[in-house]
Amino acid sequence: MAMAPEYGAFVSKFVLEPPSPSPSLPLAGLTFAVKDIFDIEGHVTGFGNPDWARTHEPASSTAPAVLNVLKAGATCVGKTVMDEMAYSLTGDNKHYGTPRNPCAPDYVPGGSSSGSAVAVGAMLVDFSLGSDTGGSVRVPASNCGILGFRPSHNAISTVGVIPMAQSLDTVGWFAREPSILKQVGRVLLELPEADPNRPSQIIIPTDCFQLLNIPSERLTQALVRSVEKLFGGAIIKHAVLGDYIRDSVPALSSFLCQINEDQVDSIPSLAALSSARQLLQRYEFKNHHEDWVSAVKPDLDPIISERVRQALELTEENIDICWISVSLQSPRFLGLRQSYKQMHPLWTSPLKRHSICFPLLVYQNSVR
């Protein structure tokens with residue numbers, strides 16, 4: 001399929017105005033696009049595949065996340081291209097075309113929220129909405145050189161968002177400007193206008209940053225200087241995240257035995273956690289979509305088709321252990337008595353074809 005205009009970011013264009021426009025609203029005058037995984041009343045939610053769109057009726061209601069930014073004064077200008085069934089991180093789509101990376105045209109945009117990231121990076125909209133199950137906001141944000149935010153799981157309603165794996169699915173968003181990223185976040189997370197409390201700790205996982213392809217000191221020193229300027233240096237803590245997970249989650253031992261501990265570009269306990277997460281993702285994808293795939297036999301990209309086949313052939317073996325990966329997304333994992341909305345993962349990574357995003361967790365409440 002030929003590349004559509006406007007960097008191939010959109011699968012459909014339309015204008016959806018805020019229900020009660022006012023210049024005093026927090027997002028007044030801003031435009032946004034929506035990944036084609038969100039329901040918008042009267043529009044078919046395509047899930048990145050024309051067979052899905054063909055076999056589903058237009059949505060009868062609009063996803064709450066979309067409604068919230070509309071009510072805050074923003075105008076929606078269309079739905080964006082995504083990887084088929086959200087089952088890839090590259091941004092390729094054989095049916096609608098691969099959106100062109102405005103930051104690095106010779107590289108993939110990253111997925112599965114590819115069009116949403118490209119629309120922002122190409123300055124077609126002020127911000128956009130995406131979803132993130134295993135990196136689908138963080139990776140395209142990194143690849144396209146923009147800002148992307150994946151909040152904690154369940155911080156934002158996923159009602160009206162086609163599930164990929166509900167224990168991991170999270171609504172996220174993109175922007176070019178930090179001020180817009182912050183303002184959209186306040187709306188989606190329903191945060192007060194007042195500045196949040198000072199963080200009690202900022203924990204830098206040193207082992208994760210050491211995997212970067214640039215000297216880790218360059219990045220961590222910049223972070224430390226910024227934190228010291230804003231909050232002072234007393235709240236900065238360094239931790240070896242891999243050791244913490246290994247010691248805190250013994251149930252991962254069954255996955256650790258499959259990991260090559262001599263591999264220099266991985267952290268064994270995090271690799272084991274990734275294996276558990278992947279297994280859980282396949283299991284939940286199968287529960288949601290097996291009947292449709294079996295009945296429709298959709299035309300899928302060969303890579304996506306193979307992933308779907310692996311998911312459909314999965315048994316329930318080790319699934320109970322995989323729920324560990326869900327608990328790790330909760331503040332309870334780190335002994336924090338706080339809400340999901342108070343735990344903000346910040347992400348940074350180099351721009352490359354297959355980006356790796358490493359977490360820097362900011363805790364706003366005291367650890368008890």
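The values are calculated or read from the model by the stated rules, or taken from the named source; none is laboratory data. Note that this is a predicted model, so its numbers are computed, not measured. All Cβ positions, even for glycine, are placed from backbone atoms using ideal geometry, and neighbour counts span all protein chains on display. To get the accessible areas, we keep the full protein, side chains included, count just its heavy atoms, and leave off ligands, DNA and RNA. Shrake-Rupley method; radii C 1.70, N 1.55, O 1.52, S 1.80 Å.
Quick look at the numbers
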read-out: Contact order relative to length of segment 10-191, as percent, for alpha carbon pairs under 8 angstrom and 6 or more apart; value: 23 percent
read-out: Interchain or long-range residues, amide H under 5 Å from W173's placed H; value: G130, F149
read-out: Reach of K94 by Cα under 18 Å, taken over lysines that are not fewer than 8 positions away in the same chain; value: K35, K79, K297
read-out: Under Karplus coefficients 6.51, -1.76 and 1.60, residue-wise ³J(HN,Hα) of segment 138-150 in Hz, glycine/proline x; value: 5, 5, x, 4, 5, 4, 9, x, 10, 9, x, 10, 10
read-out: For segment 167-229, fraction of C-alpha pairs farther apart than 15 Å, in %; value: 69 percent
read-out: With every protein chain in place, segment 1-156: carbon and sulfur % of accessible area (1.4 Å); value: 53 percent
read-out: Solvent-accessible area of R100 with every protein chain in place, 1.4 Å probe, in Å² to the nearest 10; value: 100 Å²
read-out: Phi-based couplings in Hz for segment 39-49 (Karplus 6.51, -1.76, 1.60; Gly and Pro marked x); value: 6, 10, 3, x, 10, 6, 8, x, 6, x, 9
read-out: Separation of the R309 and V224 label points, Cα + 7 Å toward Cβ, nm; value: 5.1 nm
read-out: 10 Å beta-carbon shell around K13, net charge (K/R +1, D/E -1); value: 0
read-out: Order by protection proxy (mean Cβ within 10 Å, highest first), peptides 227-233, 57-63, 164-170; value: 164-170, 57-63, 227-233
read-out: Most to least packed among 306-314, 8-16 [average Cβ atoms within 10 Å]; value: 8-16, 306-314
read-out: Under 5 Å, built H, 5+ apart or other chain: amide partners of N49; value: M85
read-out: Phi to ³J(HN,Hα) by Karplus 6.51 cos²θ - 1.76 cosθ + 1.60 over segment 290-298, Hz, x for Gly, Pro; value: 4, 4, 5, 4, 5, 7, 8, 6, x
read-out: Per residue solvent-accessible surface (Å²) - segment 107-222, probe of 1.4 Å; value: 35 Å²
